[in-house]
Every structure is written in C-alpha cells, then in structure tokens.
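The values are calculated or read from the model by the stated rules, or taken from the named source; none is laboratory data. What you are looking at is a predicted structure, and each value in this text was computed from that prediction instead of being measured. Counting neighbours? That spans all protein chains shown, and the Cβs are built from the backbone with ideal geometry, glycine included.
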Amino acid sequence: MPILTLEQRQTLTWLCVGMLLLVLLVLLGPVLTPFVAAAIVGYVLNPGVDWLTARRVPRALAVIAVMIALSMLALALLLVVLPTLKAELPLLQQRLPVLLDKIDTTFAPLLRQLGVNIHLDSAGIKQIITEKLAAGGEEIGPAILASLKVGGMAVMGWIATLILVPIVLFYLLLDWHTLLAKLVLTVPRRWIGLVTIMTNEADLLLAQYLRGQLLVMLLLACFYSTALAIAGLDVALPVGIITGILVFIPYIGYGFGLVLACVAAILQFNSLQGLVSVAIIYGLGQLIESFYLTPRLVGERIGLHPLVVIFALLAFGQLFGFVGILLALPASAILSVVFKRLHQHYLNSNFYGQS
C-alpha cells in the first residue's frame, strides 16, 4: 500500500518545484533588481493609469503620461537640489577653513581639560578640501567612487538598471491587468477563494501604507522647513522640502538633507550656532519620525504595533540590507495578512482545541 496518495504526491512535487523556483529567484537577485523596482513603482502608478483609461484615454498613452509626470517630478527635485549645490560649493571652499579653525580653537582647550590631547590638523584638512572643491566639485564624485572601491562593472550595472527600469515599467503598466490575470491562473483552484481574499486584504493594507507614508513626508517637510526658518536659515524651504520628500529612503534621505542643512549653515553663519541649531533640529526630527510618526501614521494604518514596526525595520535591514529597509513595512503588511490566516487556522485546529 503506498505511503502517499496520488494527490499527496502531486502536492509534494509542486511544493518542490516552488522551492526550486524560490531558490532560483534568490540566486538571480541582482538580475531581478530592475524588475522588482519597476514592479514596486508600477504598483504605485497603476491607479493613475486606470484613472486615465476609465476616461477613455488609450492605455499606452495613459502609461506614457503617468511616466512623464513621474519624470517631471524627479526632474523638479533635481532642479531644486543641483543649483543649490552648485552655488554653495564655491562658498563652502571659502568659509570651511575659517570654520575648521574655530572648531579647533573652541574644542581643543576643552578636550585638553578632560585629558584628551587631540589637535585638529586644520591645515591638512583645508588643503584636501581646497583641492577637491577647486574645480567646483568635479573631482568629488570620482573620489567617492574610488574610496568606496566601486569598480567599472558595478557602475555599468547601476547604469543598466537605471535604463532597464523605465522600459520594464512601461511594459508592466501596459499589460498590468493581463499579467495579474495570468498569475491568478497559476493558483490551484482549491485555494483561489482564500488567495483572492488575502490578496485584496494585502492590497488594502499597502494602499493605507502609501497614504500613511505620504502623510509622514508632508508633516516632516513642514517641520523641517518651519524649524530651519525659525533658526534663521535662508534656504530653509528648499532644504526642508527635500528632506521631507526623501525620508521614504531610510537614512539616505535623512542624511542627504542633514548634509545640505549643515552646508547651508556653514555658509550663512560665522559661528557654530548654525551647526548646533541644525543638529538639534535634525536630531529632534529623527526622533519624531522614528518613534511617533512612522509607528503611528504608517504602522497603525496597516495594523502593526509600533514595536512591530521598529522590529521590522531592524530585521529586514539586517537580512536584506538597504533594500530590506525600503521593503520592511509593505512586506510586513503582507506577512501580517498571512500570519492572521495562519493564526485563525491554528485556533480552529484540533491541535489547539484538544485538552
């Protein structure tokens, strides 16, 4: 008598095939990067495409219009950042040596009183900075790439990814509903009802996540712009808006906004007061974002406890690096739907109910 029935053998076979496909996807991770990125952007943009097609706009034209709007938004952000950097670099070259001398004369005596004999080599630092900024920052990029040991193949990989993403995005948006219908056909018919319910729940949670994240970005843009303006920073509005918009990129967006604010403070103020104000504002902003806004406005909208949100960010960052941090909350929202079903199944099982 066979140990496994025909149905059980078929189920085991397809589970093995699914595991092999999962391993293959993990091995092909670098190749899948532009496709994953395009799928994430496509999920965000598809409602806009559907809205246009519902008003009798051809889908191809709607896709192009939405992609152009996204490109214009990214271009507007660059037009705000790049002129500011281009104007500030020459001024930074003039002001930074004076600031370094002030830091050395202010903190060196205090450190010596504490028994720490550290001398800031202002002359050497000034020479390095002057050489790097002399050409208007043209050598900063190659220097950073060299220091990070980024090879030519890595650079070409990033360029290829940037080129592939809009191409893949166009075709994904063009055939979005067709591709989803084909994915639905791969689900075993016995599970189709449950999978459809779970997919709808996950879609609702992700929509709430996006709304919560946009609200966090808006509130932080207002906070940084207002706080920097109160501190007397002339470029408070653009720097605050940039910081608020980029907070969806954990750490990177915050760090870029902090650097911009510090540079602006160095150029505008002749004392350390500006840098201290910027440090206090950005430290307070980070605390508000990490421990209140994100857990409350994002976590609660997707049904996650604030402690779960913090753990998800740390866990996904540890497992998958920077990409994991980006996907931590939306992935946790999807997993919460699965865990809720598993928990309900566990409560209804004989294993749990038998005394």
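Modelled with pLDDT of 80 or more, of a type outside the set (Lys, Arg), under 26 Å from Val36 (Cα atoms) and buried (at least 20 other Cβ atoms within 10 Å of the Cβ), is that true of Ile242?
Details: modelled with pLDDT of 80 or more: yes; of a type outside the set (Lys, Arg): yes; under 26 Å from Val36 (Cα atoms): yes; buried (at least 20 other Cβ atoms within 10 Å of the Cβ): yes.
It is true that Ile242 is modelled with pLDDT of 80 or more, of a type outside the set (Lys, Arg), under 26 Å from Val36 (Cα atoms) and buried (at least 20 other Cβ atoms within 10 Å of the Cβ).
Only residues that are under 20 Å from the mean Cα position of the chain (by Cα) and buried (at least 19 other Cβ atoms within 10 Å of the Cβ) were counted in segment 262-291, giving 3.
Do we have any residue at all in segment 66-82 that's modelled with pLDDT under 70, in a helix (DSSP H, G or I) and within 30 Å of Ala264 (Cβ to Cβ)? Give the steps one after another, and end with the answer.
Residues of segment 66-82 modelled with pLDDT under 70: 81.
Okay, now just the ones that are also in a helix (DSSP H, G or I), so 81.
So of that shortlist, the ones also within 30 Å of Ala264 (Cβ to Cβ) come out as 81.
Looking through segment 66-82, at least one residue is modelled with pLDDT under 70, in a helix (DSSP H, G or I) and within 30 Å of Ala264 (Cβ to Cβ).
One residue stands out in segment 152-189 among those that are modelled with pLDDT of 80 or more, of a type in the set (Val, Ile, Thr) and surrounded by fewer than 13 Cβ atoms within 10 Å (Cβ to Cβ): the one that is nearest to the chain's Cα centre (by Cα), namely Ile163. For first residues located in segment 223-236 and in contact (Cβ under 8 Å) with a residue 40 or more places away in the chain and over 14 Å from Leu258 (Cβ atoms), partners that are assigned to a helix (DSSP H, G or I) and polar (S, T, N, Q) and lie 6+ apart or on another chain with Cβ distances below 8 Å form the pairs Gly232/Gln268; Gly232/Ser277.
Of all residues in segment 5-35, those satisfying the criterion of being farther than 20 Å from Pro188 by Cβ and either touching a residue at least 24 places away in the same chain (Cβ under 8 Å) or not in a helix (DSSP H, G or I) (or both) are Leu28, Pro30, Thr33, Pro34, Phe35. The number of residues in segment 43-61 that are without any contact (Cβ under 8 Å) to a residue 40 or more places away in the chain and either among the aromatic types (Phe, Trp, Tyr) or closer than 22 Å to Asp203 by Cα (or both) comes to 7. For segment 45-64, the set of residues classified as of a type in the set (A, V, I, L, M, F, W, C), part of a helix (DSSP H, G or I) and surrounded by 14 or more Cβ atoms within 10 Å (Cβ to Cβ) consists of Leu45, Val49, Leu52, Ala62, Val63, Ile64, listed by residue number. For segment 304-321, the count of residues that are modelled with pLDDT under 75, within 19 Å of Asp203 (Cα to Cα) and among the aliphatic types (A, V, I, L, M) is nonzero.
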